[in-house]
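The values are calculated or read from the model by the stated rules, or taken from the named source; none is laboratory data. For clarity, every value in this text was computed on a predicted model and none was experimentally measured. Positions of Cβ are backbone-derived with ideal geometry, glycine not excepted, and every protein chain shown enters the neighbour counts.
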Amino acid sequence: MAGESPPLPSLRREILIPNGRPGLAVALADPGTRHDPVTGTEWPNAASVFGIMTRPQVIGQVGTPSYAGVELKPWGIAALGLPTLLVDDMLQFGDGVGAGTTAALVDELRAEPFGQSRADRLSAFLSPRLDAARALPVVAAAVDAIDEARGRTTVADVAERSGTSYSTLYRVFRQSLGIGPKQYAEIIRYYHFVGGLLGGPADAQATLSALHGYYDQAHAARDFKRYTGVSATSFLAVQDGIAALMHGRSVQDDASADG
């Protein structure tokens, strides 16, 4: 983004598509909300740590949207030393580091100019607070294999590439990420499916279904709604908002951390 976003005069809702990554978002202006349409749970999007999502969430925002954020590796929540991996869940950052520390961080981030310097300041804050925990080599190898294949692979193939058995891979993968390798592959597959649909013509669903291994368009449509929360037709109607959040620029400052 070229600069800060202008205030939103009314509530704006956008769909957040699962991408297999946990992260941290810190509101520097008016905090929005995250809503789980399956459970009905709603969280303030103020200073929040969120785990891997297995289903879409809805972002709500009114007023001035300005965020600094980092995206972690799929196993990054463990590096923060949290008692749970937060799959489809969130935790207020202040609950972990204290309200005073969080407030001071927000002030420091606001003092930084918009852009990379905010991301650098947030990374500097997080670095000494990260545990030494790192993914087991087999988990890192499995994540790389699934990511490189864009989710279009089998767990058996991933296990073979990672040099381990199916059962061992499933066990250590779930311990590190909170979900199994098959579900992670489904999330990555559909994340790229969404990106392809955003970049293609409005009638591209059948073509995309075939390209992603779906020869039954009804099956593709069912899974599409599972990971986006809406039909392909509805998705295309609001694609600008989704693209802004997950496949292009975001209301959050772009940043990444290895976690």
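Restricting attention to the stretch 1-34, the residues that are buried (at least 17 other Cβ atoms within 10 Å of the Cβ), in a strand (DSSP E or B) and at pLDDT below 85 total 3.
Please go through the stretch 173-196 and pick out each residue that is without any contact (Cβ under 8 Å) to a residue 40 or more places away in the chain and crowded, with 19+ Cβ neighbours inside 10 Å.
Answer for the stretch 173-196, where residues must be without any contact (Cβ under 8 Å) to a residue 40 or more places away in the chain and crowded, with 19+ Cβ neighbours inside 10 Å: 173, 181, 185, 189, 193.
Quick one: would you say residue 147 is closer than 26 Å to residue 48 by Cβ and not polar (S, T, N, Q)?
Considered against the rule, which asks whether it is closer than 26 Å to residue 48 by Cβ and not polar (S, T, N, Q), residue 147 comes out as yes.
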